[in-house]
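The values are calculated or read from the model by the stated rules, or taken from the named source; none is laboratory data. Every value quoted in this text rests on a predicted model; they were computed, and no experiment measured them. All Cβ positions, glycine included, derive from the backbone under ideal geometry; neighbour counts span all protein chains shown. Please note that ligands, DNA and RNA were not included when accessible areas were found on the heavy atoms of the full protein model with its side chains. Shrake-Rupley method; radii C 1.70, N 1.55, O 1.52, S 1.80 Å.
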Amino acid sequence: MNAGRAYSTYWAPVVNLAREPRWGRNLECAGEDPYLSGEYAAAFVGGFERLEEDPRYLAASACCKHYVANSMEDSRVVNVHHTRYSADPNITMQDLVDSYMAPFQTCVEKGRVSSLMCSYNAVNGVPTCADNWLLETVARNAWGFDGYITSDCDAVANVVSPHHYVQTGEEAAAVTLNAGMDIDCSYFVGQHAMKAVELGLLNVSTIDARLSNLFRVRMRLQHFDPSGPLQSIPTSAICTPEAAAIAADGVVQGAALYKNSGVLPIQASAVTSIAVIGPNANLSKSMAGYYGPATPCGGKFPSVIDAITSHVPGASVSHAAGVPSVLSDNTSQVAAAAELAATADVTVLVLGTDLGVAMENHDAVNITFSLGQLALLEAVADAAPGPVVVVTLTAVPLDLTPVLSNPKVGAVLHGGQPSVQTMAIGDLVFGVHSPAGRAIQTVYPEAYQHQISPFDFNMRPGLSHWPRPDSPGPCADPYVQPVTPSANCTLGTNPGRTHRFFNGAAVVPFGFGLSYTTWSYELLSAPRSVSLDGLRELLRRTMVETGTSFPKLREVGHAGSFVVNVTNTGSMDADDVVLGFISPPGAGKGGLPLQSLFGFERVHVKAGETVSVLLYPALTEFAATASNGERYALPGEYVVSFGVAETAPHGMGFASAKLSAD
């Protein structure tokens with residue numbers, strides 16, 4: 001659609017929920033929570049599309065994708081194989097409305113995004129690019145979406161095969177354009193639309209409407225006007241010191257400290273030798289090309305080895321991989337790595353995953369470390385005479401039980417997938433900054449991967465229609481016929497997905513994160529009650545006007561303000577991220593979530609000082625979602641909490657209050 005101006009249109013961000021720990025594209029997501037993902041999307045789009053210098057136009061066009069419930073790439077479970085192209089999950093309207101669609105509504109209404117991408121998969125039998133309810137009734141009519149809708153590449157062809165929703169190319173072109181899709185990222189519509197018109201399946205007026213949406217966005221991008229501010233930014237701006245500092249700060253802000261027995265931060269002046277061990281200690285080059293340039297700024301691919309070395313120029317820094325790769329069970333190099341650790345003052349063990357484990361088009365097989373990495377962990381920890389720090393570089397939330405429970409491991413720092421920004425890891429390890437990131441995904445125990453198939457998209461706990469992944473098989477494919485339970489094929493049990501519904505014991509709960517300082521929270525003010533009359537009227541009016549339970553966000557009020565005093569009770573100036581959660585009456589029962597995230601704020605507080613943080617739950621936090629997807633006001637006693645209770649014994653802030661809604 002850009003006619004040579006592709007620089008102004010970008011198909012990002014991914015706002016799908018990281019609902020499944022084995023999903024290959026978790027590394028592209030903001031996390032598992034609908035509120036978090038929506039706020040991320042709105043912030044991304046706002047910064048991407050709008051410039052203060054020229055508010056009339058779009059600086060560039062962002063695209064919230066993949067609409068909707070696209071969170072599986074390519075998996076074989078027991079004997080059943082599916083890909084994102086053939087996925088057709090049976091999702092309850094309850095889960096669709098209050099989990100999968102919620103971040104897209106925020107992206108559209110709060111972010112005012114100019115593009116949406118419909119996904120490869122179908123939902124409940126209807127390919128998303130052919131779903132008029134998703135594209136028109138909800139996105140355009142209920143949410144007020146103003147922009148163009150593109151298919152994912154070749155998704156229109158998927159409507160014919162493998163979805164078999166229609167039989168011919170002409171029918172596929174017609175059903176997608178009639179549903180509200182504006183452009184096909186492929187050849188399929190261009191090849192078949194004219195014949196669809198001739199057959200009477202598609203009206204020229206519909207094509208005109210689709211072109212209107214496309215050209216309207218082009219006009220907002222100044223394609224037909226003098227060049228705007230975007231064109232004045234040279235490509236050299238990407239590699240300026242300012243841009244590099246922003247990129248590095250993203251790693252600093254996002255890293256989360258999961259364990260610390262006083263080992264971190266390391267005092268650089270007291271160290272004479274450090275061993276940096278592990279298959280991910282020298283990872284950045286293999287990660288750099290994933291949706292980015294193959295050659296980064298300056299052609300440098302700094303690793304964790306470089307990050308550590310830069311802080312101790314006078315010390316001896318040695319390295320051993322220990323195992324050939326993150327997936328390897330070969331332990332022949334483990335003994336040599338352990339010998340290296342035995343000679344060092346401090347050992348930094350860098351474990352995790354890489355793109356060979358999970359990425360686009362490839363899901364992870366499991367959520368456990370390879371046998372090679374586990375053997376390396378045990379041998380190195382046993383041999384090291386000094387502190388052992390584990391740095392995890394992974395977007396797959398691996399079961400950290402063996403790491404956290406090892407008494408010789410003094411600290412665990414989760415760095416995500418920093419690509420070429422690994423130098424920031426050194427800043428955290430040596431205390432230039434204190435970690436303040438929070439876990440954006442629940443870290444589940446190993447048993448989780450055996451309980452529930454990645455093909456089961458439902459969020460709430462209950463019996464699954466899919467076989468347990470550890471069934472011997474063969475099993476029927478539920479897309480084709482129901483599974484008949486047998487000795488070789490046991491139906492799975494969904495323990496609930498994400499912090500909102502998981503009813504088991506998390507290895508690391510959502511929102512967990514420690515600090516190098518200590519914190520206390522005090523609720524300075526908190527409402528004791530809230531009336532739900534306005535919410536009831538808003539939901540009633542929304543259903544009448546739009547036929548949906550998606551009230552416009554700008555019309556949703558707030559249930560009063562909570563003021564939290566955040567005090568840095570330690571000795572180090574640091575950031576803290578205050579998380580606000582709300583638990584409904586009857587939490588975890590009858591389809592109600594255990595808790596929901598309703599707000600967060602990052603603050604920098606000097607040692608010994610206090611700042612006040614104001615957070616407020618929206619009125620819709622006091623609504624429940626019925627099995628048919630309709631929202632209704634839920635009266636009763638709510639618990640509003642700030643912080644994560646599991647972090648309080650480790651010196652983190654936590655406070656809570658009760659609130660009556662009627």
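Computed quantities for the displayed model
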quantity: Tabulated pairs, the range 29-54, first more than 16 Å from residue 70 (Cα to Cα), second in a helix (DSSP H, G or I) and modelled with pLDDT under 95, C-beta under 7 angstrom, 6+ apart or interchain; calculated: 51/229; 53/229; 54/229
quantity: Verdict on residue 371 being open to solvent by 10 Å² or more (accessible area, probe 1.4 Å) and closer than 17 Å to residue 323 by Cα; calculated: yes
quantity: Single residue of the range 38-86 satisfying the filter (more than 19 Å from the chain's Cα centre (by Cα) and of a type in the set (Gly, Ala, Ser)) that is nearest to residue 482 (Cα to Cα); calculated: 86
quantity: Positions within the range 393-444 being more than 22 Å from residue 645 (Cα to Cα) and of a type in the set (Ser, Thr, Tyr), in sequence order; calculated: 394, 419, 422
quantity: Matching residues in the range 217-237 - criterion: being in a helix (DSSP H, G or I) and in contact with a helix residue (DSSP H, G or I) (Cβ under 7 Å, 6 or more places away or on another chain); calculated: 230, 237
quantity: Elements of type strands (runs of 3 or more DSSP E) in the range 584-662, at least 2 residues being open to solvent by 20 Å² or more (accessible area, probe 1.4 Å) and charged (D, E, K, R); calculated: 596-605
quantity: Segments classed as helices (runs of 4 or more DSSP H), wholly inside the range 117-216, with at least 1 members that are open to solvent by 10 Å² or more (accessible area, probe 1.4 Å) and of a type in the set (Lys, Arg); calculated: 188-198
quantity: Scan of the range 453-474 for residues that are of a type in the set (Ser, Thr, Tyr) and assigned to a loop (DSSP other than H, G, I, E, B), ordered by number; calculated: 453, 471
quantity: Single residue of 514, 523 found to be open to solvent by 40 Å² or more (accessible area, probe 1.4 Å) and within 30 Å of residue 260 (Cα to Cα); calculated: 523
quantity: Residue in the range 88-95 that is surrounded by fewer than 22 Cβ atoms within 10 Å (Cβ to Cβ), out of contact with any Cys (no Cβ under 9 Å at 6 or more places or on another chain), in a helix (DSSP H, G or I) and of a type in the set (A, V, I, L, M) present; calculated: yes
quantity: Qualifying position, being in contact with a Pro (Cβ under 7 Å, 6 or more places away or on another chain) and farther than 27 Å from residue 570 by Cα, among 633, 661; calculated: 661
quantity: Among (1) open to solvent by 20 Å² or more (accessible area, probe 1.4 Å); (2) farther than 18 Å from residue 153 by Cα - the single one residue 85 does not satisfy; calculated: (2)
quantity: Enumeration of residues in the range 475-503 that are assigned to a loop (DSSP other than H, G, I, E, B), open to solvent by less than 40 Å² (accessible area, probe 1.4 Å) and closer than 23 Å to residue 368 by Cβ; calculated: 475, 495, 496, 497, 502
quantity: Test: residue 439 is surrounded by fewer than 19 Cβ atoms within 10 Å (Cβ to Cβ), in a loop (DSSP other than H, G, I, E, B) and under 24 Å from the mean Cα position of the chain (by Cα); calculated: no
quantity: Lone unmet requirement of (1) among the hydrophobic types (A, V, I, L, M, F, W, C); (2) under 15 Å from residue 103 (Cα atoms); (3) out of contact with any strand residue (DSSP E or B) (no Cβ under 8 Å at 6 or more places or on another chain) for residue 45; calculated: (3)
quantity: Conditions (1) modelled with pLDDT under 95; (2) touching a Pro at 6+ places or on another chain (Cβ under 8 Å): number failed by residue 557; calculated: (2)
quantity: Any chance residue 450 is open to solvent by 10 Å² or more (accessible area, probe 1.4 Å), without any contact (Cβ under 8 Å) to a residue 24 or more places away in the chain and not in a loop (DSSP other than H, G, I, E, B); calculated: yes
quantity: Matching residues, the range 45-68, being surrounded by 23 or more Cβ atoms within 10 Å (Cβ to Cβ) and out of contact with any Lys or Arg (no Cβ under 9 Å at 6 or more places or on another chain); calculated: 62, 63, 64, 65, 67, 68
quantity: Residue list for the range 544-566, filter: in contact (Cβ under 8 Å) with a residue 60 or more places away in the chain, farther than 20 Å from residue 531 by Cα and open to solvent by 20 Å² or more (accessible area, probe 1.4 Å); calculated: 546, 547
quantity: Matching entry among 161, 186 (being of a type in the set (S, T, N, Q) and without any contact (Cβ under 8 Å) to a residue 12 or more places away in the chain); calculated: 161
quantity: Verdict on residue 552 being more than 21 Å from residue 662 (Cβ to Cβ) and touching a Phe, Trp or Tyr at 6+ places or on another chain (Cβ under 9 Å); calculated: yes
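Per-residue answers, yes or no, for (1) open to solvent by 10 Å² or more (accessible area, probe 1.4 Å); (2) of a type in the set (Val, Ile, Thr); (3) closer than 29 Å to residue 300 by Cα; (4) free of Cβ contacts under 8 Å to residues at least 40 places away in the same chain:
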residue	(1), (2), (3), (4)
379	yes, no, no, no
382	yes, no, no, no
405	yes, no, no, yes
410	no, no, no, no
429	no, yes, yes, no
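Let's see how each residue does on (1) among the basic types (Lys, Arg); (2) in contact (Cβ under 8 Å) with a residue 60 or more places away in the chain; (3) out of contact with any Phe, Trp or Tyr (no Cβ under 8 Å at 6 or more places or on another chain):
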| position | (1), (2), (3) |
| --- | --- |
| 592 | no, no, yes |
| 598 | no, yes, no |
| 601 | no, no, yes |
| 615 | no, no, no |
| 620 | no, yes, yes |
| 630 | no, yes, yes |
| 641 | no, yes, no |
| 651 | no, yes, no |
| 660 | no, yes, no |
